Amino acid sequence: MQPLQLFTDYLRENRKSENTIKGYEMDLKQYLSWFADSFGQDGQMLYRQNVLEYLSFLKTVKRTNAKTINRKLSSLRSYNEFLIQAKLQEDMAVKKTDMIKVQTEYASPTKVTETEARQFMQRVLESKNKRNYAIVILLAYTGLRISEALAIQLDDYNLQTGECIIRNGKGEKQRTVYLNSKVIHALRDYLKVRKNYLRAEVSPYLFLSKKSEKLDRTTVNRIFQKFNPEITPHDLRHFFCTNAIEKGLSIHEVANQAGHSNIHTTLLYTNPDKAKLKNKMELL
């Protein structure tokens, strides 16, 4: 079996998400392609000098931004750790000091305005698909990650108390999020038609697809593309954080609701967005 396939298996054994695995695979394939073009041969091991040359290539030839370079180095470092664990290599060719220091962006990551979010939700409402509307409202008014929303089971929430337990957040931490009346009404409307889905009687999951017992991320992305290609599920998470702070929730309350492990992540949403920041700069 090739090291790349073994590396993929290693990542799955370490419970990395499928998105993370795909990212690591892509970064590693790009490095191996660069190596083959540079030296006319396949390279499966990592050597310090080659890593430094690749780093220089990314900086000077490809003019890759610092964040992308750091992500690629992180992927190579993980591959390096796998090679050592598999006893295919003894030394670390990728060092933590290779990472480029990046200043945290001042501007809020939110790019969807409240008007745009409300217009988007209205379009989904008018489509008369109660499941899709419930998902959109849930994301916009709870700050959940899409993976967390799709993993909700029927015994995880209580619409009487307006509480929902999220069990699969990052690091497998459990937290309680609170549902406002908009979310509760949308979920109640959806639950009335949930019985019409194929696996409704046996599936423990809240959100179902017509073909399987659990709605998947790809289907949700297609739903978003249909109503507004410029808005993603993660954009609604950003929208929630900014909207919640503007409506008076404290930083710690938003951090708890969104499941931020670092309060500095939440603090970003207290900053103006990039457009507002640019406008302010023109006033100087």
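Assorted remarks:
- Candidate cross-link partners of K210 among the aspartates and glutamates, defined by an alpha-carbon separation under 18 Å and a same-chain spacing of 8 or more, comprise D189, E201.
- Crossing angle, helix 3-13 versus the chain [Cα axis fit, 0-90 degrees, rounded to tens]: 40 degrees
- Scanning the chain for chymotrypsin sites (Phe, Trp or Tyr not before Pro) in DSSP loops with at most 16 neighbouring Cβ atoms within 10 Å leaves 107-284 as the longest stretch between them.
- Answer label for Rg/Rh (Cα atoms, Kirkwood Rh) (calculated), chosen among [x] 0.97; [y] 1.03; [z] 0.95: [y]
- Under the combined filter of DSSP loop state and at most 13 neighbouring Cβ atoms within 10 Å, the stretch 6-96 retains these GluC sites (Glu not before Pro): E90.
- Cleavage-rule hits, trypsin sites (Lys or Arg not before Pro), the stretch 141-213, DSSP coil, Cβ neighbours within 10 Å at most 10: K195
- Folded to 0 to 90 degrees: helix 217-227 orientation relative to the chain principal axis, Cα: 60 degrees
- The lysines within cross-link reach of K211, meaning a Cα-to-Cα straight distance under 23 Å and a gap of 8 or more places when in the same chain, are K128, K130, K192, K195, K226.
- Average accessible surface area per residue within the chain, 1.4 Å rolling probe, Å²: 59 Å²
- CD proxy at 222 nm, helix term only [per DSSP H run n ≥ 4: -39500 (n - 2.57); per residue of the chain; nearest 500]: -17000 deg cm²/dmol
- The lysines within cross-link reach of K276, meaning a Cα-to-Cα straight distance under 18 Å and a gap of 8 or more places when in the same chain, are K111.
- When the stretch 22-71 is reduced to its Cα atoms, the Kirkwood hydrodynamic radius in Å: 11.3 Å
- Gyration tensor (alpha-carbon) shape descriptor, the stretch 111-203, a/c threshold 1.5: oblate
- Ranking R63, R71, R118 by solvent-accessible area of protein heavy atoms (1.4 Å probe, all protein chains present), from largest to smallest, gives R63, R118, R71.
- Accessible surface of the chain, 1.4 Å probe, proportion on carbon and sulfur as whole %: 49 percent
- Global geometry of the stretch 1-145, whether rounded, prolate or oblate, following the gyration tensor of its Cα atoms and the 1.5 cut on a/c: prolate
- Measuring nothing but how far apart in sequence close Cα pairs (under 8 Å, 6+ apart) lie, relative to its length, the chain scores a relative contact order of 18 percent.
- In a reduced charge model with +1 at each Lys and Arg Cβ and -1 at each Asp and Glu Cβ, the stretch 77-159 shows a dipole moment near 240 debye about its Cα centre.
- Angle in degrees between helix 181-194 and the longest Cα principal axis of the chain, rounded to the nearest 10: 90 degrees
- Take each peptide in 245-253, 274-282, count the other Cβ atoms within 10 Å of every residue, and average; sorted highest first, the result is 245-253, 274-282.
The values are calculated or read from the model by the stated rules, or taken from the named source; none is laboratory data. Note that the coordinates shown come from a computational prediction; the quantities given were computed from them, not determined experimentally. Here the Cβ is made from the backbone with ideal geometry for all residues, glycine too, and neighbour counts use every protein chain on show. When the accessible area is computed, the model is the full protein with side chains, heavy atoms only, and any ligands, DNA or RNA have been set aside. Shrake-Rupley method; radii C 1.70, N 1.55, O 1.52, S 1.80 Å.
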